[in-house]
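The values are calculated or read from the model by the stated rules, or taken from the named source; none is laboratory data. All figures in this text were calculated on a predicted structure; none of them were measured in a lab. Because the Cβ atoms are built from the backbone with ideal geometry, glycine has one as well, and the counts that use them run over all protein chains shown. Please note that ligands, DNA and RNA were not included when accessible areas were found on the heavy atoms of the full protein model with its side chains. Shrake-Rupley method; radii C 1.70, N 1.55, O 1.52, S 1.80 Å.
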Amino acid sequence: MAIVAPSILSADFANLQRELDEMKALGIRWAHIDIMDGHFVPNITVGIPVVESLRRVTDLTLDVHLMITEPIRYARRFCQAGADLVTVHLEADTQENILEAIREIHAMGKKAGISVKPGTPAQALEPFLDQVELILVMTVEPGFGGQRFMADMMPKLSALRDRLAQVNPGCLLEVDGGIDAVTAPIVKENGAGVLVSGSAYFRSSDKGRFIADLAR
Ligand code: DX5
Ligand code: ZN
């Protein structure tokens, strides 16, 4: 069974508590929160106060995806705000600083993830593979919900699945971007264990069934 993590980027931002309560009632365990700074990606979303507010009203696992430049500046504060898992982008700083950000997340007692944009090859993740609890393979260019799934990321995903089996078998492999009932079987076949879904989940007229389909 895969973990499905709805991305609140496509939720009604005026009613986030209601959306999280609905997820919980459907048996969903994770909520994915996209943090964008208008610099690493050409879009701006929400920040630390929103994570703090959501933490107060839910016990769902808060899976925070930082699409921000130099995440080391804020990683600790997102942990303090109540994130359970903080994912940083490999492309957002030097290798040394990204490793330091991961160490800070662990020092705060949280799980750390690292993400790669579509243009970044699997080999670039080698120095990080045994340092994290989650690897996030973007299946769209980060920045916006509702984009088309990039099937050409599948060789990268399966290569990472094979490498993780050798060096860090407990590490979760997450995909994000364009995941729906059609693309979910493809990503699961290639090793994904955590599926982020934004627009397809929130558009769905039967969310319970949608989640069951994706998790299966
Ligand atoms: C995109 C974000 C995603 C986004 C996915 O940069 O990281 O989490 O919400 O949205 P969909 O599922 O609509 O592609
Ligand atoms: Zn995301």
In Å², and per residue, what accessible area does the range 3-215 have when probed at 1.4 Å with the other protein chains present? 42
Set of the range 144-159 residues, backbone N closer than 17 Å to the point 7 Å along the Cα-Cβ line of Glu189: 149-159
For the range 3-215, averaging the sequence separation of alpha carbon pairs under 8 Å that lie six or more residues apart and dividing by its residue count, the contact order in percent is 19
Considering every pair of different Cα atoms, what Kirkwood radius, in Å, is found for the range 50-116? 11.7
Using helices alone, what [θ] at 222 nm do you get for the chain, with -39,500 (n - 2.57) per DSSP H run of 4 or more residues, divided over all residues and rounded to the nearest 500? -10000 deg cm²/dmol
Between rounded, prolate and oblate, where does the range 29-154 land on the alpha carbon gyration tensor, with a ≥ b ≥ c its root eigenvalues, rounded for a/c under 1.5, else prolate if a/b exceeds b/c? oblate
With a 1.4 Å probe and all protein chains left in place, how much of the accessible area of the range 3-215 comes from carbon and sulfur atoms, in whole percent? 49
Proximal lysine pairs in the chain, meaning Cα under 29 Å and 8 or more positions apart or interchain, come to 14
Just for the chain, what percent of DSSP beta bridges are antiparallel, to the closest 5? 5
Over the range 1-127, calculate the relative contact order: mean separation of alpha carbon pairs under 8 Å at least 6 apart, over the residue count, as a percent. 19
Residue by residue through the range 110-118, which ³J(HN,Hα) values in whole Hz follow from phi under the Karplus form 6.51 cos²θ - 1.76 cosθ + 1.60 (θ = phi - 60°), with glycine and proline marked x? 10, 7, 10, x, 10, 10, 10, 6, x
Cα-based shape type of the range 125-189, given that a ≥ b ≥ c are square roots of the gyration tensor eigenvalues and the cut on a/c is 1.5: prolate
Of the listed peptides 54-63, 37-46, 2-11, what is their order by residue-averaged count of other C-beta atoms within 10 Å, with the highest listed first? 2-11, 54-63, 37-46
Using Cα pairs closer than 8 Å and at least 6 residues apart in sequence, work out the relative contact order for the range 84-125, in percent. 52
Grab every C-alpha pair in the chain, bin the distances at 5 angstrom width from 0 up to the longest one, and report whole percents. 1, 7, 17, 21, 22, 18, 10, 3, 0, 0
Of Arg216, Arg161, which has the most accessible area and how do the rest follow, probe 1.4 Å? Arg216, Arg161
